[in-house]
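Working notes, beginning with the structure itself.
The values are calculated or read from the model by the stated rules, or taken from the named source; none is laboratory data. None of the values given here were measured: they were computed from a predicted structure. Here Cβ is always computed from backbone atoms with ideal geometry, including for glycine, and neighbour counts include all displayed protein chains.
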Amino acid sequence: MNFSAIVLGSGLAAVMLVAHLHGEPLPAGDTRASSSMIDPMIVGSNKPAQAAAPSGPAKAIRLIDLRSGATCKMANPDNLGDNYRPAPIGPDCAGSPELKSVVQWRSTSDGSLEMADVTGRTVLRFMPGDGVLYESVYPAQTLITIVPARS
């Protein structure tokens, strides 16, 4: 019973941390966002919120290592191509064992974001996430999310 309570509490704490650091919601035109989050028939007299005008892509992103608690802000990777480019990892990410070796990154044709070490070996791979910009998928034990950075 205690184990279940600890696991449930840890999961809830992680969800709250990600929600707090999550940033602004996705623009209304984004295909990852559900087109109808609130059913007006169920909520009764509450009116659905007006969709905000899209403000364009975030100017920066925040990487959050859920295991170590390290977070750092980086420029948005929108202009990345198939070739590796220098990744502007800041000193704040030195607290993350996974992020401290990253020096370059690229996007791939399947929409993933790859980060590599100085030798060009891929050390992290991210896929577009549900509720976040990206979620780590490689290596399997890594728990890193990428969200829009708040100002």
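Any residue at all in the range 114-128 that's polar (S, T, N, Q), at pLDDT below 90, assigned to a loop (DSSP other than H, G, I, E, B) and at negative phi?
Restricting attention to the range 114-128, the residues satisfying the condition of being polar (S, T, N, Q) are 119, 122.
Checking which are at pLDDT below 90 leaves us with none.
No, the conditions are met nowhere in the range 114-128.
How many of the residues making up the range 57-94 are surrounded by fewer than 12 Cβ atoms within 10 Å (Cβ to Cβ) and out of contact with any Lys or Arg (no Cβ under 8 Å at 6 or more places or on another chain)? Spell out the reasoning first.
Let us first name the residues in the range 57-94 that are surrounded by fewer than 12 Cβ atoms within 10 Å (Cβ to Cβ), namely 69, 78-79, 81-83, 86, 91.
Filter again for out of contact with any Lys or Arg (no Cβ under 8 Å at 6 or more places or on another chain), leaving 69, 78-79, 86, 91.
Number of matching residues: 5.
What is the residue count in the range 134-145 for residues that are surrounded by fewer than 21 Cβ atoms within 10 Å (Cβ to Cβ) and either closer than 16 Å to residue 110 by Cβ or in contact with a His (Cβ under 6 Å, 6 or more places away or on another chain) (or both)? Explain how you work it out, then say what you get.
First pass over the range 134-145, keeping only residues surrounded by fewer than 21 Cβ atoms within 10 Å (Cβ to Cβ): 135, 137-143.
Among the residues that remain, those that are also either closer than 16 Å to residue 110 by Cβ or in contact with a His (Cβ under 6 Å, 6 or more places away or on another chain) (or both) are: 135, 137-138.
Looking only at that region, the number is 3.
Here is a check on your reading of the model: is residue 98 acidic (Asp, Glu), modelled with pLDDT of 90 or more and surrounded by 14 or more Cβ atoms within 10 Å (Cβ to Cβ)?
Working: acidic (Asp, Glu): yes; modelled with pLDDT of 90 or more: no; surrounded by 14 or more Cβ atoms within 10 Å (Cβ to Cβ): yes.
Against the criterion (acidic (Asp, Glu), modelled with pLDDT of 90 or more and surrounded by 14 or more Cβ atoms within 10 Å (Cβ to Cβ)), residue 98 does not qualify.
List every residue pair whose Cβ atoms lie under 6 Å apart, where the two residues are 6 or more positions apart in sequence or sit on different chains, the first residue falls within the range 92-116 and is within 16 Å of residue 144 (Cβ to Cβ), and the second residue, located anywhere, is of a type in the set (Ser, Thr, Tyr) and part of a strand (DSSP E or B).
113/107; 113/134; 114/122; 116/122
Take the range 101-113 and flag every residue that is surrounded by 14 or more Cβ atoms within 10 Å (Cβ to Cβ) and either on the phi > 0 side of the Ramachandran plot or in a strand (DSSP E or B) (or both).
104, 105, 106, 107, 113
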